[in-house]
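Okay, structure first, notes after.
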Amino acid sequence: MAKSIGLQVDSIGDAKTVVELLKSKNYHAVITDIQMPEITGYEVVQLIENAGFNIPVFAITANDMVDSPEHFSSLGFSGYLIKPFTEADLMQLLSPVIGVPRQALNNRRVKTTDSNKFDIDELYRFTGGNKEAVKLILESLLENTRQNVDELNGYIKNRDLKKASAVAHKMKSAFNQFRVYDIASILQRIETLPSDKHKAATLYMERLNRRIKSFITELEEQINSTIA
């Protein structure tokens, strides 16, 4: 994924060789998975620190139960991402260390994978190619998405994760139906969070808001092209 957004990357199969690589070349950052077959990401941080390198190390984890900046910071990480994440999330994480302003990254269009793109072909098949029907469905989806996101933001801001879970569940079904699986995945995480995980919910909501913004732009373009 890092290569797809224009970054030069060296990948290694054995994390224990990271020190040798750091000695041979100058790197902006190290990205490590937390769970690996022979070594953990926590041990990678220790290897780098013990070797005397002062370089940002970022964690990648699938465990949303440790979704806490304080947790990773206390262990020596400069930041982290929870799987699954988007190219935009990765760019936002790395922007302070690769010399690209965050605003520039926010304004850059990120190419999404086919599995995360809105599938309008299914709508045309469902409606028998009726453009007017497709337009009405898209407009309804756009209105409902905006309304649901506003509700979700409000519930999470007010720490009402029970109501937030209900809205996330409703939204997830629609995004799965239209095969926008990356958004559905974030909604799944919000839906299943324990009621005391407000900080994690806030972080997921930030990710969702960024992705929904690009989705709405894409949806508006689809509506305009349908009208044309």
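The values are calculated or read from the model by the stated rules, or taken from the named source; none is laboratory data. No experiment lies behind these values; they were computed from the predicted model shown. Ideal geometry is used to build each Cβ from the backbone, glycine not excepted, and the neighbour counts take in all protein chains shown.
Here are the numbers for this structure:
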item	result
Hits in segment 16-59 - residues which are assigned to a loop (DSSP other than H, G, I, E, B), aromatic (Phe, Trp, Tyr) and in contact with a helix residue (DSSP H, G or I) (Cβ under 7 Å, 6 or more places away or on another chain)	53
Evaluation of residue 121 against (1) at pLDDT below 80; (2) over 21 Å from residue 209 (Cβ atoms); (3) surrounded by 13 or more Cβ atoms within 10 Å (Cβ to Cβ) (one fails), failing number	(3)
Residue list for segment 149-195, restricted to those being of a type in the set (D, E, K, R), more than 16 Å from residue 209 (Cα to Cα) and in contact with a Ser or Thr (Cβ under 8 Å, 6 or more places away or on another chain)	162, 179
Unmet requirement for residue 181, which otherwise passes all of (1) surrounded by fewer than 19 Cβ atoms within 10 Å (Cβ to Cβ); (2) more than 17 Å from the chain's Cα centre (by Cα)	(2)
Contacts under 6 angstrom Cβ, first residue in segment 150-161 being assigned by TED's automatic domain parsing to the domain that holds residue 191, partner surrounded by fewer than 16 Cβ atoms within 10 Å (Cβ to Cβ) and in a helix (DSSP H, G or I), 6 or more apart	155/163
